[in-house]
Structure formats: structure tokens, C-alpha cells
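First up is the structure itself, then whatever we jot down about it.
The values are calculated or read from the model by the stated rules, or taken from the named source; none is laboratory data. Predicted model, so just to flag it, every value in this text is computed and none were measured. Glycine gets a Cβ as well: all are built from the backbone with ideal geometry, and neighbour counts include every protein chain shown.
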Amino acid sequence: MKALALFATLVTGAILLYGTQDFAPWGDPASPASTRVSAYYIENSVRETHVPNLVTAVLGDYRGYDTMFETVVIYCAGLAVICILRRTKE
Amino acid sequence: MKIIRQRVEQREFGDNLIIRVSARILVPFIQLFGLYVIVHGHYSPGGGFQGGVLLGASFILLALAFDLKTSLQFFPARTNVFFGNLGALIYTGTALVCALVGGLFLDYSALAALLPIDPIEWRSLGIFIVEVGVGLAVMSIMLSLYWDISSNGDLDEGL
């Protein structure tokens, strides 16, 4: 069983490493991530939100839907642990 | 190694004077830094998640240096659950209010209908409100995860 688990881990890791070969080089200005919305955020986010920190502007405003459900996921995790583990005194 | 194990079993580390005093000095500064990280997220690295983790870690340090009962005295379990709910509600509520006053869901500039300041300033302010909600939720969830897992759900004694 342990050998099987090790085999599965190694195969999955090899597939993931193989997938990284198709990544764009780090900092490549022509990569898809840099050509679509990044330029818009860099040019307009301070003017549109008045937040000097670009990361906060993207996290809280442009990608607010994503951050909202990140919070809800953390909240659900805490709620599940409380429901399963906590025993009240009375 | 054997001595260390004996001391851990007799909880000598938990009652150590140095650990207690240094934790008592450190906790207020950790909490102040957590608030700073939340509030200053507009201008420097940080925000709700990081600041909330710092605030939760300060109470976890209390629970580790003293015991779980002490941290429950400073932050009761019911208050903790209340803050967790409040944090999640602040975020989703802000988003919903944006939709109710006539804008898009999560479009903070629509809140200018409630309080007439510049819509762009509202976007900045909306991010801040939302970060506070995230900070509250993350703080209480971090703490309750530690409480429940370390005490097996009984909330009587921790590690």
C-alpha cells in the first residue's frame, strides 16, 4: 500500500513537473498573463480606486468576488470544525 | 532529551516565568501590529487576511504561554463566534447593499447613493470596509480552529 502511494505521488509529481515546461518564462512581457488585464490594472487602478497599493485594489475591488468567497470558504471551514468537534457544557 | 520530556509532562514550560512575562509584553504589540496591517493595507503589503492571522496568533500565544482558560477569559467563545459571523456578514452585506442601492454586486461606487462622497473615494472606502470584515472573520476562525483542535472540542485545556 505504501509503495502504491509512493508510486502515485511520484507519477503525479512527474506530470506536474512536465506541465511546468509549457509555462511562460518568469517576467516575460509577452506571456498571456501580462498582455490582457495586467496592463489595464497598472494603468488605471490608481485613477479608478485611489488605492496606491495595486495588490489591494485588485484583491478588494476588481477581484472582489473571488476574495468574498475566499472569506466564505474560511468561514465554512471554521464552522465545520466547530460543529464537528465542540461540545458544550450544558 | 529525557529531561525535556519530563518537563513537558509536568508542564514546566507552560508555567515558566520568562515565557509568561514575555508573552504578556508581546501580546499587545502583536495586536497593535495586526490592526496596523489591516488598516494600512491600502499603502503597504498587508490586508485583512494577514492582519487577521496576526490578531488570532496573539490570542493563540496567550493560550500557549498560559493555558486555554486564560485566553477564553480575554476572548470568550461566544464573542469569538459572534465576530466570525460579523466578519463574513460585513463582506457579503456590503456587497449586497451595493446591489440594493442600484449598482452592481460588489460595485462600491454605487454606495455614493447612501452617503454622497466621490464614487472613487467610495471604492477606496469600500475596500477598507471589506478588509475589516475579512480581518474579523479570519481572526476568530484561526482562534477557534486552534481551540477546538488542541482541546478536542472541550475547550478546557490546550496543548
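For the range B:72-107, which residues satisfy the criterion of being touching a Gly at 6+ places or on another chain (Cβ under 8 Å) and at pLDDT below 90?
Residue satisfying the conditions is B:L106 alone.
I'd like to check something: does the range A:16-29 contain any residue that is within 16 Å of B:V130 (Cα to Cα) and assigned to a helix (DSSP H, G or I)?
no
Does A:R63 satisfy the criteria of being within 10 Å of another protein chain (Cβ to nearest Cβ) and exposed (fewer than 11 other Cβ atoms within 10 Å of the Cβ)?
Answer is no for this residue.
Give the residue that is nearest to the chain's Cα centre (by Cα), with candidates limited to residues of the range B:134-148 that are more than 7 Å from every other protein chain (Cβ to nearest Cβ) and surrounded by fewer than 24 Cβ atoms within 10 Å (Cβ to Cβ).
Only one residue fits best here, namely B:M142.
Identify the residue in the range B:34-44 that is more than 14 Å from the chain's Cα centre (by Cα) and either assigned to a helix (DSSP H, G or I) or crowded, with 18+ Cβ neighbours inside 10 Å (or both) and, among all such residues, is farthest from the other protein chains (Cβ to nearest Cβ).
B:H40
Can you find a residue that is free of Cβ contacts under 8 Å to residues at least 60 places away in the same chain and within 11 Å of another protein chain (Cβ to nearest Cβ) anywhere in the range B:58-76?
no
Checking A:P52 against (1) without any contact (Cβ under 8 Å) to a residue 12 or more places away in the chain; (2) under 17 Å from the mean Cα position of the chain (by Cα): exactly one of these is not met. Which one?
Condition not satisfied by A:P52: (2).
Taking only the range A:1-35 into account, find how many residues are among the charged types (D, E, K, R) and surrounded by 10 or more Cβ atoms within 10 Å (Cβ to Cβ). Before the answer, list the steps.
As a first pass, look at the range A:1-35 and keep what is among the charged types (D, E, K, R): A:2, A:22, A:28.
Narrowing the set further to residues that are surrounded by 10 or more Cβ atoms within 10 Å (Cβ to Cβ) leaves A:28.
Summing the residues that are among the charged types (D, E, K, R) and surrounded by 10 or more Cβ atoms within 10 Å (Cβ to Cβ) in the range A:1-35 gives 1.
Given the criterion crowded, with 19+ Cβ neighbours inside 10 Å and modelled with pLDDT under 90, identify the matching residue among B:G47, B:G56.
Details: B:G56 fails: modelled with pLDDT under 90.
Going through B:G47, B:G56 in turn, just one is crowded, with 19+ Cβ neighbours inside 10 Å and modelled with pLDDT under 90: B:G47.
Among the residues of the range B:97-105, is any closer than 26 Å to B:G34 by Cα, buried (at least 17 other Cβ atoms within 10 Å of the Cβ) and more than 7 Å from every other protein chain (Cβ to nearest Cβ)?
Initially, the range B:97-105 is screened for residues closer than 26 Å to B:G34 by Cα, giving none.
No, the range B:97-105 has no match at all.
So B:L89 passes all but one of these: (1) at the interface with another protein chain (Cβ under 9 Å from one of its Cβ atoms); (2) touching a residue at least 40 places away in the same chain (Cβ under 8 Å); (3) among the hydrophobic types (A, V, I, L, M, F, W, C). Which condition number does it fail?
If we test B:L89 against (1) at the interface with another protein chain (Cβ under 9 Å from one of its Cβ atoms); (2) touching a residue at least 40 places away in the same chain (Cβ under 8 Å); (3) among the hydrophobic types (A, V, I, L, M, F, W, C), just (1) comes out false.
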